[in-house]
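These notes are about the structure you will find just below.
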Amino acid sequence: MPYIESHDYFFFERNLIKCLSGKENIIMRVLVIEDDKIIGDGIVQGLGLEDYAVDWVEDVESAETALDTNEYGLIVLDIGLPDGSGFQVLKNLRSAGKDIPVLMLTAYDDLSFKVKGLDSGADDYLIKPFKLEELLARLRALRRRAGGRATPILDVDGVTLDPATKKVAKDGEGVSIGPKEFAILQILMENKGKVLTKAQIEDRLYGWDMEIESNTVEVHIHGLRKKLGKDFIETLRHVGYRVGSE
Ligand code: CA
């Protein structure tokens, strides 16, 4: 059953440049739960263009494992999965108290499914076949909304980070920060006083399929120290990194 029709692929290619120019300046980890290979592959490629780090799973069991193991900023969730229903994943997620924005996908153009999805705690809904551009626009909107309701501005030792506007300042002066630096700084500041290992920081940055360069974290920590002061981020040899005290 081909959900994405061939003209959607041409549409997709024509819009590569558009997608690239519209990308936002921060890496976010997304979980895609979709058993249709063609659609899953299309979504993963599209999200990759917008600087998302993407994990793709194809059934309920793998989705539950992924959600237990990793921290996601967004979820794209298909309803019909080989070993169960997307509603089940959504229900478990919400009853675990996780308010990660969820966009549901379905092949059924049926109002009752839409209502059920939204009632179960989905944040948005898209019926197949859909244009990739629309999916990306809806995800951007979810991110903005999540940013709005997310944590207030983080503040550690005179450095402030606003998760909603993606702005960083030191002693009130704006500091220009790259997307990976921002992601690293955010996880450190969210865990103020705690030591995070390099692996925990890498986990925030990458999807399972992305190649991790061994010194990426060190390079960005170095960059952050240059901008925020060399003592702002503490290195605990053989353990990890920390900002602030508990
Ligand atoms: Ca399906």
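Here's the yes/no breakdown for (1) more than 24 Å from residue 53 (Cα to Cα); (2) polar (S, T, N, Q); (3) assigned to a helix (DSSP H, G or I); (4) under 21 Å from the mean Cα position of the chain (by Cα):
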| position | (1), (2), (3), (4) |
| --- | --- |
| 76 | no, no, no, yes |
| 89 | no, no, yes, yes |
| 92 | no, yes, yes, yes |
| 108 | yes, no, no, no |
| 113 | yes, no, yes, no |
| 121 | no, no, no, yes |
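Quick check: is even one residue across region 91-101 away from the ligand (no atom under 11 Å from the Cβ) and within 18 Å of residue 126 (Cα to Cα)?
So far as region 91-101 goes, yes, one or more of its residues are away from the ligand (no atom under 11 Å from the Cβ) and within 18 Å of residue 126 (Cα to Cα).
In region 223-243, how many residues are out of contact with any Asp or Glu (no Cβ under 6 Å at 6 or more places or on another chain) and buried (at least 18 other Cβ atoms within 10 Å of the Cβ)?
Residues that pass the stated criteria total 6.
Just checking, does region 208-222 include any residue being more than 20 Å from residue 30 (Cα to Cα), at pLDDT 85 or above, among the β-branched types (Val, Ile, Thr) and assigned to a loop (DSSP other than H, G, I, E, B)?
Checked against the condition, which is being more than 20 Å from residue 30 (Cα to Cα), at pLDDT 85 or above, among the β-branched types (Val, Ile, Thr) and assigned to a loop (DSSP other than H, G, I, E, B), region 208-222 yields no hits at all.
Contact list please: Cβ distance under 7 Å, first residue in region 214-228 and without any contact (Cβ under 8 Å) to a residue 60 or more places away in the chain and more than 16 Å from residue 239 (Cα to Cα), second residue aliphatic (A, V, I, L, M) and surrounded by 14 or more Cβ atoms within 10 Å (Cβ to Cβ), pairs at least six apart or on different chains.
220/184; 224/184; 224/185; 224/233; 225/233; 227/175; 227/177
The values are calculated or read from the model by the stated rules, or taken from the named source; none is laboratory data. A quick note: this is a predicted structure, and the numbers were derived from the prediction, not measured. When we count neighbours, we look across all protein chains shown, and the Cβ atoms used for this are built from the backbone with ideal geometry, even at glycine.
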